[in-house]
Structures are given as structure tokens and as C-alpha cells.
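One structure below.
Each reported figure results from applying straightforward, stated rules to the coordinates on display, with no laboratory input. A quick note: this is a predicted structure, and the numbers were derived from the prediction, not measured. Here the Cβ is made from the backbone with ideal geometry for all residues, glycine too, and neighbour counts use every protein chain on show.
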Amino acid sequence: MSVALDPPHGLHDPGHGTPPRAPGSVRRTATTEIVRPEGAAGPLHLLGAARDLGTAPDGTASVLRTAETTAVVVGGRVEELRTAPAHPGTADLLGLRAASGWRTALDAALPDERAARSPLFLLLDDVPVTSLISGYALMIEGPSAAPAGGATSPAGAALSAALGASAGICSGWREDGTMMVHIRSRGSLPPMQGPVAPELRTADADGWHAFGPLPPGAMRRHRRLDVAADPADPAVLVVDAMFRDSHTSLAGTETVLHEYDVRARVDRATGTVLAAQALPRVLPWQECPAAAASAGRLAGTAVADLRARVRAEFGGTSTCTHLTDALRELEDVVALAADLPG
């Protein structure tokens, strides 16, 4: 199925499948489904699943860790939160806004999971952004997402919030860019339509953890992080990661909204990033790909400090909020490297 694209749109080159697992590597995969089972005006459900998989030098696969989360967001606040494994600290997160301040509260509530860079921490760390991007589905669905009774539609509310708070937040929201110019001139977002989403899973049954088809009107965030020693130089870790946000239309077609590949090399002894490169694959506007160059700024940074550095320094039109989400996960190389043979 082909999709007609307007000239201002950005890259539309989604990845097909997933690279084979390297012998002697560790792979983390994670997904968060972003759904509103009661309709557009109902609660937002964030359903997370993650798994760490070790691949021995002989190719044998073994599950190292798993996690699942269910967060129910009502009126912008997390009213229900269930996790496996269970953690007593999650009680401190109930009632908090699933937005600014969540990650600081998470660090305080689950310091052990934060220190372990666990799959559970990764899923909970994604709550603010998966909650935020849920607005894409409402905006894409347009009038069909509006509640009954003439109330302000969630899409309209999301647009108003964007106008008030998001200008200049990243490369795609630059003041003179496609999106902001269209909003100012026409009072609406430009049409958003990404390419049809290719299947990420391959014949390798262990390549990803299990997840089902994405329901109409829902979104999903996909993450993959592979870590292995460089065969030519075992003192260097080779990192291969991907990040995709997708949406299934009410007609049942899944399309990609954002997708990046990220490559990095890390000194195994010091944990220092030697080089990092972001490869944009799908981005909504023509201004967005310029953000990819910001990944190179990670060189010289300790991977253990990446979340803090990205939060503090990666903002504005030189980068991309979706790219920074992809870069933050590179901190988890610390945990995965500990599971490598040798």
C-alpha cells in the first residue's frame, strides 16, 4: 500500500525486520501500547512489556529479565499503576501527573530499579512521553475523536497546548518550520501521514518479546537495544538500537510516525561513548532530520550519565524530542554489558 505524501514531509524510509542476534550479545526489546479502550474521551492506558535476552557464543538464547506495566491515566494523572515485577515504590507515583516531574519522582520512588537500569525502569521512564504522544492519535483521527455533546475535542485541546508550550521545543517545532507556519496560518496541524509500518519481527522467534496486532486508533512505541563486544576489538562495545512510534488508523492500517536507528561505540573499561550516530528513518516534517547531528555530541560522555546529560543539555531546535528518547536508553548499555560473556 502506498501513501501520498505532501512535499513538506520529512523522511519516510522505515526499517524492515530486525538484524540477526549476534553470538555473545544481549538484546533488550520493549513496547508500550497507547490505547483508549473506552474511546477518545476515556482513560488512557499505557501497556508496557520489556525483555532482556542473552545470546550465548553458540547462539543459544536465554531470557535474563522481563517486565510488564499497566498505567491508567485519567485527567493527566496516573490513577492506576500495576507492574510485574511488583515494586512497593510504585505507590508513591499514584496520583502524580504523567508529565513534567514524573521522571524526578520515579528516580526517588524506585532508586534500585534506576540504579539497575532495569526493563521495569525503562517502561516507567517512558510514561510521560507515551502519555504525551497519545495526542497524535487524537489529532490524526480528527473529528471522529471528538467527544459527544459539543465539548472541546481532545485533538483541539492538544493543539491549543502545542501552540502554547511547544514552539521551539525541537527541530520539528521551530518557529519558521512546516508545522508552526501551518498552525499560525490555518489554525490546524498540517496533515500527518507516515508510511505503512513494515513488520519488525523476522523468522527468529526469539528476536522480540511477544506482542500482538495494534488495535485501530491505538499507538505503540517500540525499542530495541543490542550490545556486543566488537569482534575486531573486544575492548569496545558495539551498540545497535532502534526506536519507532507507530499508529493504527481507524481503518486498520498501521503507519510509522517517528523512527530512528542509533549506532554507538563505547569503551568497555571506562564506559565512555567513543562515537554515536543517529540515522533518521521516519520523521514527520522536512525540518526534523537536521536534529540527527546532535547525537554526535554524546562522544566523551559516560554512558552511566546519559539520561541526566540528555535531560539537561539536549533541547531546542538543534535536536528532537523523539531522538532524545532514543538516546536516553543508551544509558542501559551499563546493565546489558554486565551480562556479556567474558
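As an equivalent ellipsoid, the stretch 273-342 spans semi-axes of 24, 13, 10 angstrom, where each value is the square root of five times an eigenvalue of the C-alpha gyration tensor, largest first.
Full extension of the chain between residue 116 and residue 82 yields a length gain of 10.3 nm, computed as 0.36 nm times the residue separation minus the alpha carbon distance. Here the stretch 207-244 is scanned for amide nitrogen atoms under 18 Å from the site 7 Å beyond the Cα of residue 270 along Cα-to-Cβ, giving 230, 233-239. For the stretch 201-342, the share of alpha carbon pairs falling in successive 10 Å distance bins from zero is 11, 38, 33, 16, 2, 0 percent. Here the extension length gained between residue 196 and residue 305 equals 35.7 nm, from 0.36 nm per residue of separation less the Cα-Cα distance. Length gained on full extension, residue 293 to residue 62, computed as 0.36 nm times the residue gap minus the Cα-Cα distance: 79.6 nm.
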